[in-house]
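Please read the structure below before turning to the comments.
The values are calculated or read from the model by the stated rules, or taken from the named source; none is laboratory data. This structure is a prediction, so every number in the text was calculated from the model and none was measured. Positions of Cβ are backbone-derived with ideal geometry, glycine not excepted, and every protein chain shown enters the neighbour counts. The protein model used for the area step is the full one, side chains on, heavy atoms only, and it has no ligands, DNA or RNA in it. Shrake-Rupley method; radii C 1.70, N 1.55, O 1.52, S 1.80 Å.
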Amino acid sequence: MIKSFLKIAFRNLWRNKAFSAINISGLAIGMAAAMLILLWIQNEFSYDRFYTNTNRIALLYNRDMNNGKLDVWSNTCGLVAPELKKSYPEVEDAVRFRTVFFLTSTGDKHFNTEGAFADSTFLSVLNFPLLEGSPKSSLNDNHSIVITQSFAIKLFGNTDAMGKTVRIDSAENFKVTGVLKDLPGNTRFTYQYLLPWSYITRLGWDRGQNWTSTNASTYVLLKQGASMAAFDQKVKNIVKSHINQGDGSAREIFVQPLAREHLYSKSENGHLVGGRIETVNLFITIAVFILLIACINFMNLSTARSEKRAKEAGIRKVIGAHKNSLIFQYIAESTIIAVIAFAIALFAVQISLKGFDAIVGVPLFINFGNIYWWLFAAGFVLFTGLLAGSYPAFYLSSFRPAEVLKGTFRKVNALITPRKVLVVLQFTFAIILIICTIIVESQLRFARDRDTGYNKGGLVYIFSQGDVQKNYNVIKNELLSSGAAISVTKTFSPITRVWGTITGLSWPGSTSADKQVNFLQFQADAGFAKTTGAKILQGRDIDMNNYVTDSTAVLLNEAAVKIMRLKDPVGKTVLGQFGSNFHVIGVLKDFIIESPYEDVKPMIVQGLATGYPVVHFRLNPANNTSVDIAKAKKIFERYNSQYPFEYYFADEVYARKFREEQQDGTLSALFAGLTIFISCLGLFGLAAYMAENRVKEIGVRKVLGASVASITTLLSADFIKLVVLSIVIASPVAWWSMNKWLQNFTYHITVEWWVFVLAGIGAIMIALLTISFQAIKAALMNPVKSLRSE
């Protein structure tokens, strides 16, 4: 019997080659799109879940008031981890981690690479696989270093790196005691080497550390059977118990399971409630609907051929076939088509993975060696075959032989039919995706075009490592005299990032509650406004060269002036938390230093009296950019020869703030296009069905004098009604979902009416182009052929 079913299935496919090609290609495209999304979703869910003890590892967070709101952040005090191991019996281990950039050298090779300080048991808690060395002892020695496999090749080529010496920051030598397998793409860690935590003490970076400092990430490994929830409550007041009452007494600690860290990073009222998981859930929905739409196509295209298959079903029933056997026959056929479509989809996924990786920013792959993947593939194909074949199977097997053979089983003019409902569902989802894509792109453009408050173009910065600080004045003079730059300044942090905040400030008219206001802290030297293009609204810029007292001067941005309620801020004195006094010399126009989607936060710009990790310079607009960079490179290499010249364009770094939303927007546009294409195949199927069922009606109309145009309009009107109904259903759903999405951004667009009009017109035009072929073909048909049987 099965052999007979297979023969019939393949004969039907071969007999209707064009129909089969459309049917299989539509299903294959849907399956390929769903597989790509599922691969991306699998990667998102796998972040930091591959450790042996993943379910027992947590990252500690701070919770405290910030500008009248409960805020959370993941860095904690470096004193927390030792206290946890000492005083909390449910803690098996606790380790500190802190990212750093050092010049790493061996021989004549120099690399300015991201690394990290970590406690000696870091590799035992977070067990990244070591190719050489021991996770328990690799970081025990004060002069040990663990490097990744690819970084070992950079430093030492293909020779064994174990026992070799690496020089850090031209200061100390470290011995390679471990080689890590390269970090996977599905982890939050990106370091290339690990240094022992004790090196921080030797550098003096932990001086002045107290319980309110936040300079380390703290990872906790709980003992087997320990409750994460109970530990969360127990550790909550650890900071409060070690500080004086009134000195940051609202500070709390809470735990975030490491397995949730990637997907749940958005805070709301002091709790982590969402984040990346919202995007993941969105694309799970998209994957389900794309696969559903592909299956709907199969249903529409299969039932479009119902007249021929109905006669076959009628004859089979007359000679004794049972309904169940017919159902099995049709589902077997759909499963065979699903298998063929899956093979094509798998090939399409493999050849498109590289391009898809570039869009999502992570390397994805199919693990063909995993038995669970093959089990999933089998289930995926079977599910698709059942879903796609269920309606045609029950529909075709339900025909009564007498009605089929007399030709009276069809209800051509029924107001509501399953096929019409399915096509409306297809286009509803497609239109929702079109509207969402337009709104996402509009939001991105709105944020990109937002006035940053400074001039990003031609602004370059480097980190002042090695001899840059010592030779700053001569480097600055040569940059200006060579014509490579028109202005130079030194700052404590890049213009695109926040490295410091300050609280506890008071000013004329301030209250005790104002001491809780958190100000962004930026430090700069002479020429800050000129170099960055920041605008001085009142007073003057900081100028350490001509005003010695500018080491205690501050500039306020507009947001700071507003929250301080100062009508005439220039000349006012601001008192610091530890008795330091600052005098206000000017007011800056608000400029974006953090997220372009949020309101600008209050900020103070202080005179830079000590070290300066960053040098900004503005390229000479009279020259080609490459010429200016080449000149600057020679100058920096002359006075800082041990370090590579690594520079950053402010506009490129700023553009990275849009990366995640840009990826989501690109994915939405891509899958919206695929959904429209697949939906058009479904509409093509319905057009073929309608034309086939109304062929005699069209013939009669032509005989009575109807024109080709009038018949085309008649056939097209039925489909346009379905699309218009889809627009009516899709618009409020899209409006609701996009309004909810936009609420994630403080600075966002409002949804305009023209978006829905544009999406609606686009959908109607696409539908018209799709059905016009079948409509015109039917209208041009010779009525003699269609009426011959009469």
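Filtering segment 265-275 to residues that are under 15 Å from residue 73 (Cβ atoms), open to solvent by 20 Å² or more (accessible area, probe 1.4 Å) and more than 13 Å from the chain's Cα centre (by Cα) leaves 266, 267, 268, 269, 271, 272. Looking at the structure I just gave you, is residue 639 of a type in the set (Ser, Thr, Tyr), surrounded by fewer than 19 Cβ atoms within 10 Å (Cβ to Cβ) and farther than 22 Å from residue 499 by Cβ? Considered against the rule, which asks whether it is of a type in the set (Ser, Thr, Tyr), surrounded by fewer than 19 Cβ atoms within 10 Å (Cβ to Cβ) and farther than 22 Å from residue 499 by Cβ, residue 639 comes out as yes. The single condition among (1) at pLDDT 80 or above; (2) crowded, with 18+ Cβ neighbours inside 10 Å; (3) more than 26 Å from the chain's Cα centre (by Cα); (4) not in a loop (DSSP other than H, G, I, E, B) that residue 453 does not satisfy is (4).
Checked against the criteria, residue 746 counts as at pLDDT below 85, open to solvent by 60 Å² or more (accessible area, probe 1.4 Å), under 18 Å from residue 439 (Cβ atoms) and of a type outside the set (Asp, Glu).
Set side by side, the residues 527, 504, 500 differ, and just one is modelled with pLDDT under 85, under 20 Å from residue 650 (Cα atoms) and open to solvent by less than 40 Å² (accessible area, probe 1.4 Å), which is 500. Name the single residue, out of those in segment 419-450 being under 18 Å from residue 738 (Cα atoms) and of a type in the set (D, E, K, R), that is least open to solvent (accessible area, probe 1.4 Å). Here the answer is 441.
The residues of segment 182-241 that are assigned to a loop (DSSP other than H, G, I, E, B), open to solvent by less than 50 Å² (accessible area, probe 1.4 Å) and aromatic (Phe, Trp, Tyr), listed by number, are 189, 191, 197, 211.
Quick check on my filter: what residues within segment 149-181 are assigned to a loop (DSSP other than H, G, I, E, B) and within 14 Å of residue 114 (Cα to Cα)?
Just the residues of segment 149-181 that are assigned to a loop (DSSP other than H, G, I, E, B), to begin with: 157-164, 169-171, 181.
Listed by number, the list holds a single entry, 169.
Quick check on segment 438-453. Is at least one of its residues touching a residue at least 24 places away in the same chain (Cβ under 8 Å), closer than 22 Å to residue 613 by Cβ and among the aliphatic types (A, V, I, L, M)? No: zero hits. Number of residues in segment 127-151 that are under 33 Å from the mean Cα position of the chain (by Cα) and open to solvent by 10 Å² or more (accessible area, probe 1.4 Å) equals 7. Exactly one residue among 290, 284 is open to solvent by 20 Å² or more (accessible area, probe 1.4 Å), assigned to a helix (DSSP H, G or I) and in contact with a helix residue (DSSP H, G or I) (Cβ under 8 Å, 6 or more places away or on another chain), and that residue is 284.
Does residue 254 satisfy being crowded, with 20+ Cβ neighbours inside 10 Å and hydrophobic (A, V, I, L, M, F, W, C)? Please lay out each step first, then the result.
Working: crowded, with 20+ Cβ neighbours inside 10 Å: no; hydrophobic (A, V, I, L, M, F, W, C): yes.
No, not satisfied.
One residue stands out among those in segment 152-175 that are within 18 Å of residue 199 (Cβ to Cβ) and free of Cβ contacts under 8 Å to residues at least 40 places away in the same chain: the one that is most open to solvent (accessible area, probe 1.4 Å), which is 175. Does residue 178 satisfy being under 30 Å from residue 153 (Cβ atoms) and either buried (at least 18 other Cβ atoms within 10 Å of the Cβ) or free of Cβ contacts under 8 Å to residues at least 24 places away in the same chain (or both)? So residue 178 passes the test.
Residues in segment 547-574 that are open to solvent by 50 Å² or more (accessible area, probe 1.4 Å) and farther than 23 Å from residue 493 by Cα: 562, 563, 565, 567, 568, 570, 571, 572, 573.
Quick check on my filter: what residues within segment 97-113 are open to solvent by 40 Å² or more (accessible area, probe 1.4 Å), over 12 Å from residue 644 (Cα atoms) and in contact (Cβ under 8 Å) with a residue 12 or more places away in the chain? It would help to see each step written out before you state the result.
Start the filter on segment 97-113 by keeping residues that are open to solvent by 40 Å² or more (accessible area, probe 1.4 Å), which leaves 98-99, 101, 107-111.
Next cut, over 12 Å from residue 644 (Cα atoms) only: 98-99, 101, 107.
Within segment 97-113, 98, 99, 101 qualify.
Taking the numbered list (1) under 27 Å from residue 465 (Cβ atoms); (2) touching a strand residue (DSSP E or B) at 6+ places or on another chain (Cβ under 7 Å); (3) open to solvent by less than 60 Å² (accessible area, probe 1.4 Å) in turn, residue 588 passes all entries but (1).
It is to be established whether one or more residues within segment 341-356 are open to solvent by less than 40 Å² (accessible area, probe 1.4 Å) and in a loop (DSSP other than H, G, I, E, B). For segment 341-356, residues open to solvent by less than 40 Å² (accessible area, probe 1.4 Å) and in a loop (DSSP other than H, G, I, E, B): absent. Scanning segment 78-108 for residues that are touching a helix residue (DSSP H, G or I) at 6+ places or on another chain (Cβ under 6 Å) and either in a strand (DSSP E or B) or β-branched (Val, Ile, Thr) (or both) yields a total of 6. Inspection of segment 713-726 identifies no residue that is touching a Cys at 6+ places or on another chain (Cβ under 9 Å) and more than 16 Å from residue 420 (Cα to Cα). Within segment 485-508, if we keep just the residues that are in a loop (DSSP other than H, G, I, E, B) and aliphatic (A, V, I, L, M), the residue that is nearest to residue 595 (Cα to Cα) turns out to be 498. Scanning segment 334-380 for residues that are β-branched (Val, Ile, Thr) and within 29 Å of the chain's Cα centre (by Cα) gives 344, 349, 351, 359, 360, 362, 366.
When the residues of segment 759-790 are filtered to those that are of a type in the set (Ser, Thr, Tyr) and open to solvent by less than 50 Å² (accessible area, probe 1.4 Å), the one that is modelled with the lowest pLDDT is 786.
Rundown of residues vs (1) among the aromatic types (Phe, Trp, Tyr); (2) in contact with a Pro (Cβ under 6 Å, 6 or more places away or on another chain); (3) under 30 Å from residue 65 (Cα atoms); (4) surrounded by 15 or more Cβ atoms within 10 Å (Cβ to Cβ), yes/no style:
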position: 487; (1), (2), (3), (4): no, no, no, yes
position: 491; (1), (2), (3), (4): no, no, yes, yes
position: 509; (1), (2), (3), (4): no, no, yes, no
position: 518; (1), (2), (3), (4): no, no, yes, yes
position: 521; (1), (2), (3), (4): no, no, yes, yes
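With respect to the conditions (1) crowded, with 20+ Cβ neighbours inside 10 Å; (2) within 23 Å of residue 464 (Cβ to Cβ), residue 124 lacks only one, and its number is (2).
For residue 676, the conditions (1) buried (at least 17 other Cβ atoms within 10 Å of the Cβ); (2) outside any helix (DSSP H, G or I); (3) not charged (D, E, K, R) all hold with the exception of (2). The residue pairs whose first member lies in segment 753-768 and is closer than 10 Å to residue 435 by Cα and in contact (Cβ under 8 Å) with a residue 24 or more places away in the chain, whose second member is of a type in the set (D, E, K, R) and open to solvent by less than 40 Å² (accessible area, probe 1.4 Å), and whose beta carbons are closer than 7 Å, counting only pairs six or more residues apart or on different chains, do not exist in this structure.
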